[in-house]
Structure formats: structure tokens, C-alpha cells
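Working notes for the structure below.
The values are calculated or read from the model by the stated rules, or taken from the named source; none is laboratory data. Small disclaimer: the values here were computed from a predicted structure and weren't measured. Cβ placement follows ideal geometry from the backbone for every residue including glycine, while neighbour counts extend to all protein chains displayed. Heads up: the accessible areas ignore ligands, DNA and RNA and are worked out on the full protein's heavy atoms, side chains in. Shrake-Rupley method; radii C 1.70, N 1.55, O 1.52, S 1.80 Å.
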Amino acid sequence: QVQLVESGGGLVQAGGSLRLSCAASGIIGSINDMGWYRQAPGKQRELVAGLTRGGSTNYAEAVKGRFTITRDNAKNTVYLQMNSLKPEDTGVYYCNAVLKIATYWGQGTQVTVSS
């Protein structure tokens, strides 16, 4: 199994920045891809940024140029640097780890951007 613990959420004004962290533990050597998703009130969960085992990244159009996903292998941690935040970025952000046999989710961290 894999355990994922997110941190770094909070309240920030529009135009501000936050960095989310996702610490992974367990059978982390079996992780293929990792990503950050978000769910706004009344909306479906959506992919924000993804990172493959090989290091390729992909981003939702709405966050391209503002968000950056990175990984620190020594700390078994994935980060999401969020700059130029907008009120529409508000939501619960979830870390995700995809293995060959299962997908795991963190508990989520709330991000609120005020206008």
C-alpha cells in the first residue's frame, strides 16, 4: 500500500502563492505516476497537474504557466507550486499515486483564494 499525506493548503489573496506538499510512504518504489487533483464545491474532481515516473509533466489548461509540479525523490515528496492564484483555484486539492495494481489518494488539503 501507499500512504499519501498532503499539506500546505490555506487561505491566500488573489495573486498570491502557495506550495502544496504530498509525502508518500509505503511501497513507493511501485509508483508509476503521481498527480494533483482538485475539487471545487459542486464540481467534479479534475486533474490539475501530473508527473510520470519518467519525469514528464502535464497541466490543466487553466493552470498552465502558473502551477508547477515537481518531485524530490530523496524526501519521497511531490510538490505543487501555485503562483498567481485566482479565486477559481479554490477547492480541495488531492494528491494521487498510480501503481500497476491500484490508485491511492491523500486526504486532501483546502485551498481558498479570496478576491
Task: Length gained when the stretch A74-E88 is fully extended (0.36 nm per residue, less Cα-Cα span) - done: 1.7 nm
Open item on the list: Can you tell me what share of the DSSP beta bridges in the chain is antiparallel? A percent to the nearest 5 is fine.
Closed with: 90
TODO: Please report, in cubic angstrom per residue, the volume enclosed by the convex hull of the alpha-carbon atoms of the range 54-104.
DONE: 114
Open item on the list: Rounded to the nearest percent, how much of the accessible area of the chain (1.4 Å probe, protein heavy atoms only) is carbon and sulfur?
Closed with: 48
TODO: Find the all-direction average of the projected area of the Cα convex hull for the range 1-96, expressing the result in square nanometres with one decimal place.
DONE: 6.1
Task: Using a Förster distance of 25 Å, the FRET efficiency for T57-Q1 (Cβ separation, nearest 0.05) - done: 0.45
Task: Eligible lysines near K86 by straight Cα distance, threshold 22 Å, same-chain separation 8 or greater - done: K43, K64
Open item on the list: Just to verify a number: what accessible area does C22 come out at with the full protein assembly present, 1.4 Å probe, Å² rounded to tens?
Closed with: 0
Task: Residues of the chain: accessible area per residue with a 1.4 Å probe, Å² - done: 53
